[in-house]
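Novice: Structure below; questions to follow.
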Amino acid sequence: MSEGRAIFVLSLFIGGLLGGVLTERIVNSSGVRESPYASLDRVEEPRVTAEVATAIENTDSRTLSRLMDTQRLQALQQALQSPLDRPIADVRGVKFVGATARGTRVVAAYILSGKDMGGTDSIVGFVLDVENGQIVGVND
Amino acid sequence: MGRLTRWIPPIIATAVGTMLVGMLVGYMLAATVSYVITERGWFANSGEPPEARAFMLAYLQREAENIAALRPQQDVVSKALAEQMTQSTAAQAKALSLTYLGGQSQGPLSVQVYAVEARANDGSQGLITYALTLVGGKVVLVR
């Protein structure tokens, strides 16, 4: 086989390879559904929920008890369970992922990462509801 | 087969055959890489996963079959219970908007959070939030 022919065949193979990759991407991407629903605007992280997140991250129970009433604390306790239904005992971090608002109500979402009571690495999502600067709900 | 290909010049046959083999290899390679990336959760922090979006849309539109397809394999009784829950929950409120708030992944485990503005049968409106936990592209928990 001459050098020119070898280069030609190799080029065809690489072209086919790229074509195959492109075809796979198109086929897989065509499954993404369009949403028929509108989307609310994103808002900034509320100050009070940021304080709660910081208190959880720093294991600051005093600040947490000041910021939330008993009912909300109990709801938060339920929310901070790993997918295996174990409490997250060792918190590595709490990250704000987004918030939105409707009327006077703001919902702020957080992701907590850490280890549960069984020592398993886990991440948990929870949402704090805020109204007039007060936390009025958890995962409502 | 020899009669069929006799009229095709050898160089054309070689070119077409080489391209087809290349496309097949490329397709399989891309599919394998895509599967491994999804399973391992690599790059899963970049944006909304299509599985989470598909689940929320199926949930809001009461598509029990599509919901079941996005869940891990379940027994028939669990599927029936899930279908009943979908129908009763969706019947209580109508979704007006769907907002992706954000998420995070850790290996194959991923948590994605959504807010749904809904109107209840009595006319009242409010925000309902959902935290989906996904493993390997399947929704294992909804809170």
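Novice: From the C-alpha gyration tensor of chain A, pull out the three semi-axes of the equivalent ellipsoid (sqrt of 5λ each), sorted largest to smallest, in whole Å. Present the calculation step by step, with values, prior to reporting the outcome.
Specialist: Values: eigenvalues 474, 91, 33 Å².
For chain A, the semi-axes come out at 49, 21, 13 Å.
Novice: Could you calculate the contour length gain from A:SER2 to A:MET117, that is, 0.36 nm times the residue separation minus the distance between their Cα atoms, to one decimal place in nm?
Specialist: Values: separation 115, 0.36 × 115 = 41.40 nm, distance 6.76 nm.
That works out to 34.6 nm of additional length.
Novice: Same structure again: Which listed residue (B:GLN84, A:MET68, B:GLN125) has the Cα farthest towards the positive end of the charge dipole for the protein assembly as shown, taking +1 on Lys and Arg C-beta and -1 on Asp and Glu C-beta about the Cα centre?
Specialist: B:GLN84
Novice: Nearest 0.05, what FRET efficiency do B:SER78 and A:GLU51 give at R0 = 41 Å with Cβ-Cβ as r?
Specialist: 0.55
Novice: How far is it, in nm, from the label point at A:VAL27 to the one at B:GLN106 when both lie 7 Å from their Cα along the line to the Cβ?
Specialist: Here the answer is 3.6 nm between the modelled labels.
Novice: Viscosity 1.567 mPa s, temperature 4 °C: Stokes-Einstein D of the stretch A:21-83 from its Kirkwood Cα radius, in µm² per second?
Specialist: The diffusion coefficient I find is 82 µm²/s.
Novice: So how long is each side of the protein assembly as shown along the principal axes, counting just the alpha-carbon atoms, biggest first, in Å?
Specialist: That works out to 84, 42, 38 Å along the principal axes.
Novice: Within 10 Å, Cβ to Cβ, of A:ALA55, how many net charges do the neighbouring residues add up to if Lys/Arg are +1 and Asp/Glu are -1?
Specialist: -1
Novice: Label points 7 Å out from Cα along the Cβ direction at A:VAL136 and B:MET28: separation in nm?
Specialist: About 5.9 nm, to one decimal.
Novice: Give the cross-link partners of B:LYS138 among the lysines, using a straight C-alpha distance below 16 Å as the criterion and excluding same-chain residues fewer than 8 apart.
Specialist: Once the sequence-local lysines are set aside, what remains near B:LYS138 is B:LYS79.
Novice: Report the net charge of residues surrounding B:ARG71, where surrounding means a beta-carbon distance below 13 angstrom and charges are Lys +1, Arg +1, Asp -1, Glu -1.
Specialist: For residues surrounding B:ARG71, the net value is -3.
Novice: By counting other Cβ atoms within 10 Å of each Cβ, how are B:VAL16, A:VAL107, A:VAL136 ranked from fewest to most?
Specialist: Ascending Cβ contact count within 10 Å gives the list B:VAL16, A:VAL136, A:VAL107.
Novice: Would you mind counting up the charge near B:LEU96? Only other residues with Cβ under 9 Å from its Cβ, with Lys and Arg at +1 and Asp and Glu at -1.
Specialist: Counting the neighbours of B:LEU96, the net charge comes to +1.
Novice: Give me the angle, in degrees from 0 to 90, between the Cα long axis of helix A:70-79 and the longest principal axis of the Cα atoms of chain A, rounded to the nearest 10.
Specialist: With both axes taken from Cα atoms, the answer is about 20 degrees.
Novice: Give, rounded to the nearest 20 debye, the magnitude of the charge dipole that chain A has about its Cα centre when Lys and Arg contribute +1 at Cβ and Asp and Glu contribute -1 at Cβ.
Specialist: Charge dipole, chain A, about its Cα centre: 140 debye, nearest 20.
Values in this text are rule-based calculations from the coordinates and carry no lab data. Just so we're clear, the structure is a prediction, and the values are computed from it rather than from any experiment. Note: ideal-geometry Cβ built from the backbone for every residue, glycine included; neighbour counts use all protein chains shown.
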